[in-house]
Ligand code: SF4
């Protein structure tokens, strides 16, 4: 089993609260959270998903079954999903609601900082900025192609400079001078970093320069001239790096708030959305045993009207070559993505 890299768990047998599960499945990682009715975060995990959202979600459910009390399944009263695989995972686990990451992150951040105006979110492979006013999202932008404003930029340079990424922040804070690194893309940054090393600058100063380069890139490419107002909340995996926090504060001229649960804010927001959506009704959650099914994805284009929806489905793996997804068949576990609801 792929064990989570970050784990928080304060769920005990004697708690009798209703619980709500939120799952955020992205291209790099799967985040799971469980909250109670007061939106207190009781359980959180961050797991590298190694390219398969289905297997990663199933392993996370297996892990919950292993470490949480026996009655946990009965206590989960609502489930929400978010992230790029949100519809697939909603179909897999029978979640009650699937919402885009922008909404889930905004709900998560504004729960802890109700007057937040700007959410700076940087993950391993993507980054986004969300602008808010009075608890409502007014604008947002996501990076789509360039890695230079994401965590993978730092990961790449950490390998090159031979400093573990977890120590980047401490190195940056110890720097007695700042070296300007051309960070517009990872290739330029690498060659610039090599020449700065050859010129004799310390690792600390170069790492501080890399942190500044990432922040400049993010502000130029992701924020693209948008007016950013405080309070600023910084979340996503890169928020663990104190060097980036400092670089943001220097560039923005304001404090940047990082909540202790910064690494699961999308999943946290998704659990809150599930609680609000279910609102006392019965959840459609299939339960933790779904982790034992061997399912494979499939799709077909519906020819029945001009919309030509691409219908996606999950099927038992041993029957994948036998079924075409259009007919009703016991082997088909779930179908989704039809605009008219014909294949829901
Ligand atoms: S699923 Fe419905 S809306 Fe989509 S193409 Fe078929 S008939 Fe049209």
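Computed from the coordinates by the stated procedures, all read-outs in this text should not be read as laboratory data. Computed from a prediction, not measured in an experiment: that's the story for all the values here. Cβ coordinates were reconstructed from backbone atoms using ideal geometry, including for glycine residues, and neighbour counts include every protein chain displayed.
Among the residues of region 7-25, those identified as touching a helix residue (DSSP H, G or I) at 6+ places or on another chain (Cβ under 9 Å), closer than 22 Å to residue 262 by Cβ and surrounded by fewer than 22 Cβ atoms within 10 Å (Cβ to Cβ) are 7, 8, 9, 11.
Quick check, is residue 273 in a helix (DSSP H, G or I), under 16 Å from residue 77 (Cα atoms) and either more than 16 Å from the ligand (Cβ to nearest atom) or touching a residue at least 24 places away in the same chain (Cβ under 8 Å) (or both)?
On the way: in a helix (DSSP H, G or I): yes; under 16 Å from residue 77 (Cα atoms): yes; either more than 16 Å from the ligand (Cβ to nearest atom) or touching a residue at least 24 places away in the same chain (Cβ under 8 Å) (or both): yes.
Here the answer is yes, as residue 273 does meet what is asked.
For the residues 107, 103, 119, 130, the requirement of being within 21 Å of residue 278 (Cβ to Cβ) and either touching a helix residue (DSSP H, G or I) at 6+ places or on another chain (Cβ under 6 Å) or not in a helix (DSSP H, G or I) (or both) singles out 107. Answer with yes or no whether residue 281 is closer than 27 Å to residue 124 by Cα and away from the ligand (no atom under 16 Å from the Cβ). In short, no. Look at (1) free of Cβ contacts under 8 Å to residues at least 24 places away in the same chain; (2) farther than 26 Å from residue 73 by Cβ and you find that residue 98 fails only one, number (2). For residue 303, the criteria (1) free of Cβ contacts under 8 Å to residues at least 12 places away in the same chain; (2) away from the ligand (no atom under 12 Å from the Cβ) hold in every case but one, which is (2).
Pick from 290, 332, 311: which is surrounded by 15 or more Cβ atoms within 10 Å (Cβ to Cβ) and away from the ligand (no atom under 16 Å from the Cβ)? I'd like the intermediate steps shown before the answer.
Details: 332 fails: away from the ligand (no atom under 16 Å from the Cβ); 311 fails: away from the ligand (no atom under 16 Å from the Cβ).
Exactly one residue qualifies, and that residue is 290.
Is it the case that some residue within region 252-263 is away from the ligand (no atom under 16 Å from the Cβ), over 26 Å from residue 46 (Cβ atoms) and assigned to a helix (DSSP H, G or I)?
yes
For residue 289, only one of the following conditions fails: (1) in contact with a helix residue (DSSP H, G or I) (Cβ under 6 Å, 6 or more places away or on another chain); (2) within 18 Å of residue 32 (Cα to Cα); (3) assigned to a helix (DSSP H, G or I). What is its number? Condition (1) is where residue 289 drops out. I'm told residue 318 meets every condition in (1) closer than 27 Å to residue 102 by Cα; (2) without any contact (Cβ under 8 Å) to a residue 60 or more places away in the chain; (3) assigned to a helix (DSSP H, G or I) except one. Can you identify the failing condition by its number? Status for residue 318: all satisfied but (1).
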